[in-house]
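The values are calculated or read from the model by the stated rules, or taken from the named source; none is laboratory data. Since the model is a prediction, treat every value here as computed from it, not as a measurement. In this analysis, Cβ positions are derived from the backbone assuming ideal geometry, glycine residues included, and neighbour counts consider all displayed protein chains. Ligands, DNA and RNA are excluded from the accessible area calculation, which covers all protein heavy atoms including side chains. Shrake-Rupley method; radii C 1.70, N 1.55, O 1.52, S 1.80 Å.
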Amino acid sequence: MSFLNEYPQIKIIQEIARKKKIAIYLVGGFLRDYLLNRSCQDFDFAVEKGALKVAHQFAQKIKGVYVVLDKERGCARVVRPAKGGARSRHPPLADGGWQEKVALTFDFADFRAATLKKDLFHRDFTINTLCVDLNTLDGFTQLSKILLNFQNGLPDIRLKKIRMISIKTFKEDPLRLLRAFSLKAILDFKIEPKTLTQIKKDKDLIRSVSYERIRDELFKILETNRAAENLKAMDKIGLLEKIIPQITVMYNVKQGTYHHLDVWPHSLETVGQLERVFEEMKNNSDVLSYVNESLAGPRRRRGLMKLAALLHDIGKPDTRKKEDGRISFHGHERVGKAIVRAVAKLLKLSTRERFILEDMVLWHLRPGYLSNFKNPSERS
């Protein structure tokens with residue numbers, strides 16, 4: 001099947017471009033993922049001029065939902081709701097599972113500079129700078145044959161490297177500090193050393209980003225099976241504490257002989273162990289159905305469970321006592337519940353997500369208590 005037959009919406013955008021006599025380019029992550037044979041559901045278009053009008057006209061033709069993202073910068077989104085039925089030809093979930101057909105999103109934005117090449121210089125990473133002139137697309141030519149590669153995106157895709165476009169990359173949009181790690185987690189790529197150094201220098205900029213955007217990017221990491229290693233990498237350069245400042249209370253808190261790790265390393269390790277459990281249960285349909293349940297939009301129970309794993313002992317520092325030579329943390333689960341409530345509100349989680357997160361922290365000791373009974377009651 002040709003690309004245009006697979007995505008007939010592109011033909012409609014081509015027709016709009018020809019009638020308006022403007023250049024429109026398919027750019028960024030879609031092309032990267034297409035080359036990697038990954039799920040392709042989000043499209044980005046760089047428009048020579050009049051992106052808002054193009055998006056509005058396109059929305060009318062496909063009966064999609066039209067949303068203005070940034071009127072001043074000429075940026076809009078069109079969402080084509082899911083129509084059910086067929087599955088995607090790619091395995092879009094980070095755990096390798098298939099999912100039913102989902103909504104497609106189409107983002108349109110005016111050039112952020114005088115030319116396409118200069119516009120691409122304002123994008124985040126080289127792997128997201130590939131582009132295709134829609135005028136060159138037909139039903140016969142392979143997409144890979146007409147790719148424009150001005151910023152060396154193709155070599156970095158082959159090398160599996162995440163490389164910033166310039167040292168201004170993160171200042172132009174500080175969310176990119178976190179996006180580097182979400183791409184790393186999703187694609188299993190490595191962040192190039194100079195880029196990682198710049199992230200460390202610019203990490204304080206993340207505080208200027210809305211928490212709705214931070215939450216969405218963080219959950220992209222939590223949804224993958226590489227969340228633990230990426231949380232550790234973010235922690236190592238001091239970025240994670242900028243996102244969830246409450247975690248700093250767990251730093252340098254000793255636990256005594258019962259645990260082999262102090263509170264914070266233990267918390268990070270818990271995320272990794274939970275990922276091992278998910279891996280062991282990957283063929284259990286009941287478990288998969290449970291952990292893959294959507295709780296709020298694209299956010300699944302899987303990601304929230306990992307957040308709970310990270311925060312389950314956050315009440316220990318406030319309850320730490322030394323009694324008869326032994327360290328105790330009596331009531332830390334109740335203190336922890338109150339703290340994660342604040343974290344949930346900070347991350348703009350839904351009410352349902354907040355209640356689930358609070359419950360997991362409050363009752364995380366319960367299975368251990370039950371294991372002390374040879375035959376727990378039915379109610380237990």
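All conditions in (1) without any contact (Cβ under 8 Å) to a residue 60 or more places away in the chain; (2) in a loop (DSSP other than H, G, I, E, B) hold for Gly256, with the sole exception of (1).
Search segment 360-380 for residues being open to solvent by 80 Å² or more (accessible area, probe 1.4 Å) and in a helix (DSSP H, G or I), and hand back the single one that is farthest from Ser294 (Cα to Cα). Taking the candidates together, the pick is Tyr369.
The residues listed here are Leu52, Leu31; of these, the one that is modelled with pLDDT under 95, in a helix (DSSP H, G or I) and on the phi < 0 side of the Ramachandran plot is Leu31.
Of all residues in segment 155-175 being closer than 25 Å to Asn37 by Cβ and among the charged types (D, E, K, R), which is least open to solvent (accessible area, probe 1.4 Å)? Ranking the candidates gives Asp156 first. Annotation note: Cβ proximity below 6 Å between a residue of segment 294-312 that is more than 10 Å from Glu353 (Cβ to Cβ) and a residue that is open to solvent by 10 Å² or more (accessible area, probe 1.4 Å) and among the β-branched types (Val, Ile, Thr) (sequence gap 6+ or interchain) occurs for Ala309/Thr270.
Elements of the type helices (runs of 4 or more DSSP H) sitting completely within segment 152-224 and holding at least 1 residues that are under 28 Å from Val277 (Cβ atoms): these cover 176-187, 211-223. Say whether the condition of being surrounded by 16 or more Cβ atoms within 10 Å (Cβ to Cβ), farther than 30 Å from Gly325 by Cβ and either under 14 Å from the mean Cα position of the chain (by Cα) or modelled with pLDDT of 95 or more (or both) is met by at least one residue in segment 247-268. There is no residue in segment 247-268 that is surrounded by 16 or more Cβ atoms within 10 Å (Cβ to Cβ), farther than 30 Å from Gly325 by Cβ and either under 14 Å from the mean Cα position of the chain (by Cα) or modelled with pLDDT of 95 or more (or both).
Ala113 meets all of the listed conditions (1) out of contact with any Asp or Glu (no Cβ under 7 Å at 6 or more places or on another chain); (2) open to solvent by less than 40 Å² (accessible area, probe 1.4 Å); (3) free of Cβ contacts under 8 Å to residues at least 24 places away in the same chain but one, namely (1). Among the residues of this structure, Leu143 counts as one that is open to solvent by less than 20 Å² (accessible area, probe 1.4 Å) and farther than 28 Å from Trp264 by Cα.
In segment 128-151, the residues that are more than 20 Å from Ile162 (Cβ to Cβ) form Cβ pairs under 7 Å with partners that are open to solvent by 60 Å² or more (accessible area, probe 1.4 Å) and modelled with pLDDT under 85, at six or more places apart or across chains, as follows: Gly139/Asn5.
Within segment 37-73, the residues that satisfy the criterion of being within 20 Å of Cys131 (Cβ to Cβ), free of Cβ contacts under 8 Å to residues at least 60 places away in the same chain, of a type outside the set (A, V, I, L, M) and in contact with a Phe, Trp or Tyr (Cβ under 8 Å, 6 or more places away or on another chain) are Cys40, Phe58. Residue count for segment 338-353, restricted to those that are in a helix (DSSP H, G or I) and surrounded by fewer than 19 Cβ atoms within 10 Å (Cβ to Cβ): 7. Checked against (1) without any contact (Cβ under 8 Å) to a residue 24 or more places away in the chain; (2) buried (at least 17 other Cβ atoms within 10 Å of the Cβ); (3) within 24 Å of the chain's Cα centre (by Cα), Arg276 passes all but condition (2). Restrict the check to segment 187-205 and report whether at least one residue is in contact with a helix residue (DSSP H, G or I) (Cβ under 7 Å, 6 or more places away or on another chain), of a type in the set (Val, Ile, Thr) and surrounded by fewer than 19 Cβ atoms within 10 Å (Cβ to Cβ). No, that holds for no residue.
Inside segment 279-293, residues that are without any contact (Cβ under 8 Å) to a residue 24 or more places away in the chain and open to solvent by 20 Å² or more (accessible area, probe 1.4 Å) make up a count of 10.
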